[in-house]
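Colleague: Here it is, the structure in full.
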Amino acid sequence: MNRTALFALLATATAAAFGAQAHTYTDNARVLGAEPQYENVNVPRQECRSDWVSEARPAAGRNYGGAVIGGLAGGLLGNRIGGGHGREAATAVGAVLGALTGDNIGNRGRWDSRDEPVSREVTSCRTVSDVQSRVVGWRVDYEYRNQRFSTLMQDQPGAYVPVRVSVEPVGR
């Protein structure tokens, strides 16, 4: 490498290291005012309500087993009682009466869906967003050596705010 270029590079690095040193210290600046800075935030929440609704009672299926068994029992009983052509009539009447009685016994306690409405509670929920404002920082106006400055800070300052002062020579 050329000796002249190497010498110039070494001289520049030395001047930068020793000649351009900056002096830094901290001082206090007087606060002129501090104004909170707000941010709007959506906060979701559940909103639920309960309502009572009336609806028809679900129809219970009829039980036909009682009518069948009652009809058979009534027919057999009528057949034993009657004689001749009366036996056929007694069998028919016994079967009909037995079927009606068996149906009544087999379906006791069952309601028709049209007879009695049933009320029940229904809960419905939805998500709603509330907008809330919160402080995210402070815009601080301060004065240092008769000059005004402004900055953003996380916390509210007191009467004074620390500042970093850097002194370095101006290039020649």
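Colleague: Search the range 140-153 for residues that are closer than 16 Å to residue 35 by Cα and pair each with any residue that is modelled with pLDDT under 95 and assigned to a loop (DSSP other than H, G, I, E, B) when their beta-carbon atoms are under 7 Å apart and the residues are at least 6 apart or on different chains.
Modeller: Note: pairs meeting the criteria are 140/157.
Colleague: Applying the selection to the range 85-105, what residues are small (Gly, Ala, Ser) and either within 10 Å of residue 68 (Cα to Cα) or free of Cβ contacts under 8 Å to residues at least 12 places away in the same chain (or both)?
Modeller: If the condition is that a residue be small (Gly, Ala, Ser) and either within 10 Å of residue 68 (Cα to Cα) or free of Cβ contacts under 8 Å to residues at least 12 places away in the same chain (or both), then 86, 89, 95, 98, 99, 102 are the ones that fit.
Colleague: If we keep just the residues of the range 129-168 that are loosely packed, with under 10 Cβ neighbours inside 10 Å and of a type in the set (A, V, I, L, M), which is farthest from residue 50 (Cα to Cα)?
Modeller: For the range 129-168, the residue satisfying everything is 167.
Colleague: For the range 83-172, please list each of the strands (runs of 3 or more DSSP E) lying entirely inside it that holds at least 1 residues being modelled with pLDDT under 85 and on the phi < 0 side of the Ramachandran plot. Step through it out loud before you land on a result.
Modeller: On the way: elements: 117-144, 147-153, 160-167.
Those strands (runs of 3 or more DSSP E) span 117-144.
Colleague: What is the one condition in (1) farther than 30 Å from residue 33 by Cβ; (2) in a strand (DSSP E or B); (3) touching a Lys or Arg at 6+ places or on another chain (Cβ under 9 Å) that residue 80 does not satisfy?
Modeller: For residue 80, the failing item is (2).
The values are calculated or read from the model by the stated rules, or taken from the named source; none is laboratory data. Small disclaimer: the values here were computed from a predicted structure and weren't measured. Cβ atoms come from the backbone with ideal geometry, glycine included; neighbour counts cover every protein chain shown.
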